[in-house]
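One structure is given below, encoded as structure tokens.
The values are calculated or read from the model by the stated rules, or taken from the named source; none is laboratory data. Since the structure is predicted, the reported quantities are computational estimates derived from the model, not experimental observations. FYI the Cβ positions are ideal-geometry reconstructions off the backbone, even for glycines, and counts take in every protein chain you see. We work out accessible area using only protein heavy atoms, side chains counted, and drop any ligands, DNA or RNA first. Shrake-Rupley method; radii C 1.70, N 1.55, O 1.52, S 1.80 Å.
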Amino acid sequence: MAAPIPGYPRDPSRERLVPVEALRELARSILVKSRLFPGDAQIVADRMVEADLRGIASHGTRTLTRYLTAIDAGNIDPRAEIVVERETPAMAVFNAGSGIGHVAATKAMQRAIELAKNVGVGTVLVRKSQHYGACGVYALQAAQSGLVGFTTTSTGGPNLIAYGSTAGAECNHGFAWGAPVRSGAPIVLDMAVAASSWGKIDVLREYGLPIPEGWAVDREGEPTTDAAAAKMLLPLAGPRGFGLAFVCSILTGGLSGGKFPIDKPRPVEVEGGEHYFQAIDVAQFCDIEKYYDRIASACDQIRGLPPAEGFDRVTLPGELEWERAQRALAEGVWLHRDHVAEIEALARIRKLEIPWSS
């Protein structure tokens, strides 16, 4: 089995090996049965499975129930139309129509890439959207197209404590950078502005494990290591994480005409969310082959550094996730047994066959 991605537990006794293509097709079929258009369902399934492959279990197919519940409640439009509200040669604003975020996000990054190839840098904002899963899959989308990519998202209320306060003021925005390389694992930095994500806390709870100190506080504002008691997150590195959160809010809700997290009192599925995407065409800034040479040289030198105690090697951002994905594509993806059981239940309710042995 693959080494765990930092912050995500592994326990073979609690996990099941699932065939990748079977998982992708079942997720797509569940979404189609939930009234998504087949093409949109494929996009969502692809982005979810990419997260699972990379070991980001909190943002993969595990989120299906969350989205389907929001569809049933009328908070997500399964057949939303994406409207381009504004566009110039370098930027665009999409209205996602309260659809599942993965669809608008995928199309927005693709449009940012197209704009960047024309003018050097392309930027796309998405408003009236929903949660879009793992940030890193969109940064990877740009990197695999030979561009530097950046994305951030705002899809929650004030669940991150303001630095110097005991009250929530910001959202735990995710953000990611991706950069292309000539071969091997693209550089992908995928992180949140808090010490961790709510999804990762949920995964630790699923495995019956405590959360590390410094991640969260309970209802009374006291530090907690109990995943079930966590009610508010602490910003990463104090004022730095809080500052990052506020900047992400400016790039998402601020620029798109949406709301800042402190103005979102209702559940995230009701309030919706906003996303920001940017792509940079390396070839229009410098000689692309020289860029690849320089980044390869830097990566080789860093990987050649002596590892610290407790480490067997030095890795770069996104490398462990890339290796895990390559292994999963060949062997199957390991998922928590409760995660698998939940997907199977969703399928049975929709009278779909389970494409693996139960």
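Computed values, structure above
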| quantity | calculated |
| --- | --- |
| Three-way shape call for region 156-236 based on the alpha-carbon gyration tensor, with the a/c threshold at 1.5 | oblate |
| Phi-based couplings in Hz for region 69-76 (Karplus 6.51, -1.76, 1.60; Gly and Pro marked x) | 4, 5, 5, 4, 7, x, 8, 10 |
| Gyration tensor (Cα) of region 32-75, equivalent ellipsoid semi-axes in angstrom | 19, 13, 6 |
| Translational diffusion coefficient (Stokes-Einstein; Kirkwood radius from C-alpha pairs) of region 215-288 at 10 °C, 1.306 mPa s, in µm²/s | 105 µm²/s |
| Order by protection proxy (mean Cβ within 10 Å, highest first), peptides 86-93, 136-143 | 136-143, 86-93 |
| Debye equation applied to the C-alpha atoms of the chain, log10 I(q)/I(0) at 0.09, 0.13 Å⁻¹ | -0.49, -1.09 |
| If the convex hull is drawn through the Cα atoms of region 259-358, its volume per residue in Å³ | 279 Å³ |
| Mean separation of Cα contacts under 8 Å, 6 or more apart, over the residue count of the chain: relative contact order % | 22 percent |
| Extension gain from residue 302 to residue 222, taking 0.36 nm per residue of separation minus the Cα-Cα distance | 24.8 nm |
| Modelled FRET efficiency - R0 30 Å, residue 312 with residue 286, Cβ distances, 0.05 increments | 0.30 |
| Separation of the residue 354 and residue 255 label points, Cα + 7 Å toward Cβ, nm | 4.5 nm |
| Estimated Rh, region 11-119: Kirkwood, alpha-carbon pairs, angstrom | 15.2 Å |
| Gain in span if fully extended, residue 329 to residue 342, counting 0.36 nm per residue against the direct Cα distance | 2.5 nm |
| Among 180, 248, 158 - extreme Cα towards positive end, dipole of region 133-249, charges at beta-carbon | 180 |
| Percent accessible area from carbon and sulfur atoms, the chain, protein chains only, probe 1.4 Å | 55 percent |
| Ranked packing of 40-47, 74-81, most packed first, by mean Cβ within 10 Å | 40-47, 74-81 |
| Peptides ranked, highest mean first, by Cβ atoms within 10 Å: ranges 123-132, 219-228 | 123-132, 219-228 |
| Cα gyration tensor shape of region 79-156, rounded if a/c is under 1.5, else prolate or oblate by comparing a/b with b/c | oblate |
| Those aspartates and glutamates that a straight Cα-Cα span of less than 13 Å connects to residue 117, excepting residues fewer than 8 apart in one chain | 281 |
| Hydrodynamic radius of region 294-344 per Kirkwood, over alpha carbon pairs, in Å | 13.7 Å |
| For region 206-259: accessible area per residue (Å², 1.4 Å) | 52 Å² |
| Surface accessible to a 1.4 Å probe, per residue, for the residues of region 1-134, Å² | 38 Å² |
